[in-house]
Structure formats: structure tokens, C-alpha cells
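Scroll down for the structure; my scribbles are underneath it.
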Amino acid sequence: MRKIIVIFTVLITTLSFAQDKNKKASIEVDGVCGMCKDRIEKAAIRTKGVKSAIWSIDTHELKLIFDERKTDLQAISKKVASVGHDTKEIKATEEQYNAVHPCCRYRDEVVKNDHKKEKEDGK
């Protein structure tokens, strides 16, 4: 009887602390256009354990579904930064940032203003 109680306790403890294989989260990622969207989503989805990655141009929010047993938000942020896009936690290096297309240079005020004008003209 004692073995059954111990096994039951271990099982319950393990299940209660198990990591989520369909964890939902979102992170803020800098970018300005559709090319940025493609690059950000591809980088995130290529991170082992990421099942879904959708980035919004308007809100800069990257919505994720991932397996916590295989990855975490820091690893995903590193992967996104490696293709030139800043997150709140991890900034792309100058070399990574400079590798993005000139129209994707979200740190440049002129580029950001050009994209705002395009958006306003398109409405």
C-alpha cells in the first residue's frame, strides 16, 4: 500500500509540474513591413519547438505557440534577433541589423515615416 501511495504522489507531482507542449505567448518584435513579417515569422518557426508564429505589422506583436519542453521565449528571441530584428529582451547586433533590406531598417526614422505615409495613403 505504501508503494502505491508513493507512486501516486510522484505521478501527481510530475503531472502538475509538467511543461506545456502548446504554450501560447507573445513578444514584441521591431519591424516595419511585409518583408519584415516574413523574415520574423520564418526565424521564429525555424526555432525547434515553435509550432506557430504570426507577427502583426501594426502592433509589432509576435504571437507564438510552442513546446516548452523544446524551447523558450529567450531562444525564440535570439533566433529573431539573429535575422536582424530587435525584441524587448534581445537586440540584433549592428551586423545582423545591417543585413536586412534597406526598406526594413526600422531603427531609421526616415524609413519608419515612409512606411507610415504608405499606410496612410493606402487608407
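A compact table of results
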quantity	calculated
Estimated FRET transfer efficiency when R0 is 41 angstrom, pair Asp121-Gln74 (beta carbons, to 0.05)	0.60
Relative intensity, log₁₀ I(q)/I(0), of the range 19-122 from a Debye sum that treats every alpha carbon as a point, q = 0.10, 0.15, 0.19 Å⁻¹	-0.27, -0.57, -0.86
Inter-label distance, nm, simple model (7 Å from Cα along the C-beta direction), Lys63/Met35	2.7
Which of Val32, Ile90, Ile57, positive extreme of dipole for the chain (C-beta unit charges)	Ile90
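Each value in this text was obtained by applying a stated rule to the coordinates, not by laboratory testing. No experiment lies behind these values; they were computed from the predicted model shown. When we count neighbours, we look across all protein chains shown, and the Cβ atoms used for this are built from the backbone with ideal geometry, even at glycine.
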